[in-house]
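Enquirer: This is the structure, below, for whatever I ask next.
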Amino acid sequence: MTEHVLPERQLKELQKAILDFMHTRGYAESAEAFARETDNEGFTADVNDRHHNLLAKKWTSVIRLQRKIMELEAKNAKLQEDIKSGAVVRRGGAKGSTEWLPRPPVKAKLAQHRSPITSVRFHPQYPVLATASEDMTVKIWDAESAEFERTLKGHTKTVQDLVFDPKGAILVTCSADLTLRVWDVADDYKCVRTLHGHDHCVSAVRFLGSDKLVSASRDKTIKVWELSTGYCLRTLSGHTEWVRSVDVSSDARLVCSGSTDHTVRVWDPNTAECKADLRGHEHVVEVAKFAPVNAYACIRRLADLPQQPAGVQNGDGASPNAPAAGLYVVSGSRDKTLRLWDVTSGQLLHTFVGHDNWVRDFVFHPSGKTIISVSDDRTMRVWDLATGRCSKTIEASDHFTTCIDFSIVSPLVATGSVDTFVGLWECR
């Protein structure tokens with residue numbers, strides 16, 4: 001059998017975790033001998049040290065992974081039996097997983113935060129959930145088992161928003177402490193960079209391609225950052241009040257923002273030019289997002305627009321018949337509505353009416369056929385994009401519901417609330 005040799009850094013981490021365990025359990029003589037033999041004689045156990053209780057946490061993770069493997073093996077065996085018996089419903093015979101929607105009751109309520117939840121975000125490749133809170137922390141959860149995994153500390157005020165990069169290797173957070181922090185997921189979520197530049201609370205952050213970030217702030221600006229250096233490349237100015245949200249088109253060519261000044265703006269992040277100023281909301285715009293390209297068919301049906309118009313030839317040589325990204329924006333506001341906008345013409349295409357209080361957040365369903373929104377009326381509402389009607393209303397929390405995300409890995413929706421709980425909802 002080939003011996004597995006750990007890299008020196010990981011070996012030292014393991015040795016220190018073992019020493020911490022020995023000290024914690026009172027094995028003083030064994031700890032002294034082990035420290036001497038491993039050249040760690042200067043090690044001192046400390047409850048604030050990152051090695052404290054690390055061995056127990058790792059062992060718990062191993063047990064949890066073993067349990068998951070057994071569960072998956074059991075599911076696989078059952079599916080194999082169903083296939084052999086002909087019990088599996090073939091494609092087209094039932095609603096596919098891409099059509100699944102959240103259904104009550106809530107699958108799990110995650111309770112670790114001590115203050116209102118501000119943002120929830122699923123990992124793009126694994127069943128992992130990150131949550132942000134006014135308690136200044138980020139917490140990482142196993143989305144399938146609903147088990148708490150770790151707390152990320154570093155911000156000194158409310159953590160307002162967070163986002164994973166498309167590969168899930170980096171997590172970026174932003175805070176009322178005026179900073180953005182970059183965390184290395186593979187290196188135990190170590191904070192590898194802190195970005196300074198905003199003059200007030202940083203409200204929202206998104207990736208702009210793979211090597212840039214874009215952030216929105218109460219200082220009325222949007223900033224574009226170079227991830228590798230932490231340098232601010234440019235500042236987008238135009239809003240007259242707090243910029244509360246920011247989003248990036250799927251081709252990273254456009255940025256949209258929502259503000260306390262009641263407007264939604266669309267920008268060219270390379271030139272800082274404002275391409276569209278969308279006006280119509282009667283109160284603060286809490287959130288604005290680009291509609292995904294797979295939602296265009298439903299949007300055109302809703303707005304009675306021609307289907308499949310010719311796209312624009314882009315610099316990447318894309319087909320001229322391919323639909324361009326960033327054609328439509330949806331926004332949610334304290335005026336209790338969601339609004340659909342045509343970016344090119346600036347026209348308001350539709351107003352979604354149904355919430356009884358501020359609309360705080362929404363997410364497009366992966367199918368592109370529905371929007372799921374949350375509100376201070378404590379509900380989660382599902383909207384049919386082709387008709388504009390609310391097709392389902394779910395009581396989401398016992399207090400204002402502030403944020404939502406949809407997992408593309410597992411059929412799950414996560415919601416966050418002022419009541420400090422995170423709700424996990426199974427989709428089926």
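Enquirer: For the range 181-290, what is the accessible area per residue in Å², given a 1.4 Å probe and the full set of protein chains? Can you show the working numbers first?
Expert: On the way: 4410 Å² over 110 residues.
The answer is 40 Å² per residue.
Enquirer: How big is the gap, in Å, between the Cα center of the range 143-197 and the Cα center of the range 34-77?
Expert: Cα centroid to Cα centroid, the span is 22 Å.
Enquirer: Moving on. Name the residue from 350, 256, 217 whose Cα lies farthest towards the positive end of the charge dipole of the chain, charges +1 on Cβ of Lys and Arg and -1 on Cβ of Asp and Glu.
Expert: Projecting each Cα onto the dipole axis, the largest value belongs to 350.
Enquirer: May I pose another question? Determine the sum of side-chain charges near residue 162: Lys and Arg each +1, Asp and Glu each -1, restricted to other residues whose C-beta is under 12 angstrom from that of residue 162. Don't skip to the end; give the middle numbers.
Expert: Working: positive: 121, 139, 181, 206; negative: 161, 165, 405.
Once all neighbours under 12 Å are counted, the net charge is +1.
Enquirer: Among 208, 176, 227, whose Cα projects farthest towards the positive end of the dipole of the range 111-230, with charges put on the beta-carbon of Lys, Arg (+1) and Asp, Glu (-1)?
Expert: Checking the options against the dipole of the range 111-230, the answer is 176.
Enquirer: Sort 375-388, 338-351 by the packing proxy (mean of other Cβ within 10 Å over each peptide's residues), most packed first. Walk me through the numbers before you get to the answer.
Expert: Details: 375-388: 20.1, 338-351: 17.8.
Peptide ranking by packing, descending: 375-388, 338-351.
Enquirer: Using the Cα gyration tensor of the range 335-389, with a ≥ b ≥ c the square roots of its eigenvalues, what is the shape: rounded (a/c below 1.5), prolate (a/b larger than b/c) or oblate (neither)? Before the final figure, lay out each step's value.
Expert: Details: a/c = 2.02, a/b = 1.32, b/c = 1.53.
Oblate shape, in that a/c is at least 1.5 and b/c is the bigger or equal ratio.
Enquirer: Just to confirm the number: angle between the C-alpha axis of helix 54-85 and the first principal axis of the chain, 0 to 90 degrees, nearest 10?
Expert: Helix 54-85 and the main axis of the chain meet at about 60 degrees.
Enquirer: Given +1 on the Cβ of Lys and Arg, -1 on the Cβ of Asp and Glu, and no further charges, what dipole in debye does the chain carry about its Cα centre, rounded to the nearest 20? Can you show the working numbers first?
Expert: On the way: 54 positive and 55 negative charges, 238 e Å.
In debye, rounded to 20, the chain gives about 1140.
Enquirer: Right, next: Under 10 Å from the Cβ of residue 146, count the other residues' Cβ atoms, weight Lys and Arg +1, Asp and Glu -1, and hand me the total. Could the numbers behind the result be given before it?
Expert: Working: positive: 107, 109; negative: 142, 144, 147.
Charge balance near residue 146 sits at -1.
Enquirer: What does the highest-first list of 53-64, 142-153, 276-287, 36-47 look like by mean Cβ count within 10 Å? Kindly include the intermediate steps, with their values, before the conclusion.
Expert: On the way: 53-64: 13.5, 142-153: 15.8, 276-287: 19.0, 36-47: 11.3.
Per-residue mean Cβ counts within 10 Å order the peptides as 276-287, 142-153, 53-64, 36-47.
Enquirer: In deg cm²/dmol and to the nearest 500, what is the mean residue ellipticity at 222 nm of the chain if only DSSP H runs of at least 4 residues count, each as -39500 (n - 2.57), divided by the residue total? Write out the running numbers ahead of the final one.
Expert: Values: 4 runs with 67 residues, N = 428.
Theoretical 222 nm ellipticity from helices: -5000 deg cm²/dmol.
Enquirer: Right, next: Can you list the HN-Hα couplings for the range 363-370, worked out from phi with the Karplus curve (6.51, -1.76, 1.60; θ = phi - 60°), rounded to whole Hz and with x for Gly and Pro?
Expert: With coefficients 6.51, -1.76 and 1.60, one gets 9, 7, 5, x, 6, x, 9, 9 Hz.
Enquirer: Okay, next question. Just the number, please: carbon plus sulfur as a percent of the accessible area of the range 204-255, 1.4 Å probe, no ligands or DNA/RNA counted.
Expert: Details: 900 of 2050 Å².
Accessible surface attributable to carbon and sulfur in the range 204-255 totals 44 percent.
Enquirer: To the nearest 10 degrees, how steep is helix 8-25 against the longest Cα principal axis of the chain, on a 0 to 90 scale?
Expert: The answer is roughly 70 degrees.
Enquirer: Still on this structure, please answer the following. Using +1 at the Cβ of each Lys and Arg and -1 at the Cβ of each Asp and Glu in the chain, identify which of 332, 402, 271 lies farthest towards the dipole's positive end.
Expert: 332
Enquirer: Please list the non-local residues whose amide H lies under 5 Å from the amide H of residue 352, H modeled 1.01 Å from N, same-chain partners needing a gap of 5 or more.
Expert: Those lying under 5 Å, H to H, from residue 352 are 338, 339, 340.
Enquirer: Based on the alpha-carbon gyration tensor of the chain and its eigenvalue square roots a ≥ b ≥ c, which shape applies: rounded if a/c is under 1.5, prolate if not and a/b is larger than b/c, or oblate? List each step's numbers first, then the result.
Expert: On the way: a/c = 1.92, a/b = 1.45, b/c = 1.33.
Judged from the Cα gyration tensor, the chain comes out prolate (a/c at least 1.5, a/b above b/c).
Enquirer: Hey, what angle do you get for helix 28-37 against the long axis of the chain, alpha-carbon based, 0 to 90 degrees rounded to 10?
Expert: Its long axis makes an angle of about 80 degrees.
Enquirer: Could I ask something else about it? Is the C-alpha gyration tensor of the range 384-428 telling us rounded, prolate or oblate? Criteria: a/c under 1.5 is rounded; beyond that, a/b larger than b/c is prolate, otherwise oblate. Working shown, then result.
Expert: Details: a/c = 2.32, a/b = 1.29, b/c = 1.79.
It is oblate, given that a/c is not under 1.5 and a/b is not larger than b/c.
The values are calculated or read from the model by the stated rules, or taken from the named source; none is laboratory data. Please read all numbers here as calculations on a predicted model, not as lab measurements. Every residue, glycine as well, gets a Cβ built from its backbone with ideal geometry; the counts of neighbours run over all protein chains shown. Areas reflect the complete protein model, heavy atoms only, side chains present, ligands, DNA and RNA absent. Shrake-Rupley method; radii C 1.70, N 1.55, O 1.52, S 1.80 Å.
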